Amino acid sequence: MLVEGLVAVAAAGGGAVVQAAGTDAWNGIRSGFARIFGRGEAGREQAELERLDQTRAVLVAAQEGDDAQRVEIAQVARWQARLEALLEELPEAEQEQVVAELRALVAQAEAAEPAGTVHIDFSRATFTNSQVLGSGNMTVTNNYDK
């Protein structure tokens with residue numbers, strides 16, 4: 001059974017996968033998680049890359065529906081459970097190394113901005129002969145592959 005601190009790291013790792021899926025940092029985070037799960041075996045790493053791509057595809061597809069939040073929660077739980085299982089089977093020295101790698105990936109995901117984010121501030125703009133009415137701030141996020 002995992003200690004509380006390791007469960008928290010696994011939970012943060014699961015959240016990082018989901019959080020990073022729509023950001024410019026996705027490829028680096030994806031590779032980092034595949035390396036962690038692959039444990040030095042190229043075949044396992046490739047399988048993890050495919051699993052991560054599947055997760056991203058599920059999340060992107062869910063953005064267009066009413067159940068996006070439910071899908072995100074399910075994916076976080078899925079990756080958390082996988083990370084917990086991995087950490088539980090590792091010897092303590094390897095656990096510490098994987099925890100450090102996970103913390104770095106979580107930090108990277110937290111620092112990432114959504115892909116294609118554009119912030120427009122037109123609060124002091126004047127519009128004449130325009131269809132635009134009102135003023136304020138607007139942020140548009142497009143999650144797409146670049």
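Things worth noting here:
- In the condition set (1) within 17 Å of the chain's Cα centre (by Cα); (2) at pLDDT below 90; (3) open to solvent by less than 70 Å² (accessible area, probe 1.4 Å), GLU113 is compliant with all but (3).
- Scanning segment 51-71 turns up one or more residues that are open to solvent by less than 80 Å² (accessible area, probe 1.4 Å) and acidic (Asp, Glu).
- Residue check, GLU96 out of contact with any strand residue (DSSP E or B) (no Cβ under 9 Å at 6 or more places or on another chain), open to solvent by 50 Å² or more (accessible area, probe 1.4 Å) and not hydrophobic (A, V, I, L, M, F, W, C): yes
The values are calculated or read from the model by the stated rules, or taken from the named source; none is laboratory data. In this text the structure is predicted, and so the values were computed from the model without any measurement. Because the Cβ atoms are built from the backbone with ideal geometry, glycine has one as well, and the counts that use them run over all protein chains shown. For accessibility, only protein heavy atoms count, side chains too; no ligands or nucleic acids. Shrake-Rupley method; radii C 1.70, N 1.55, O 1.52, S 1.80 Å.
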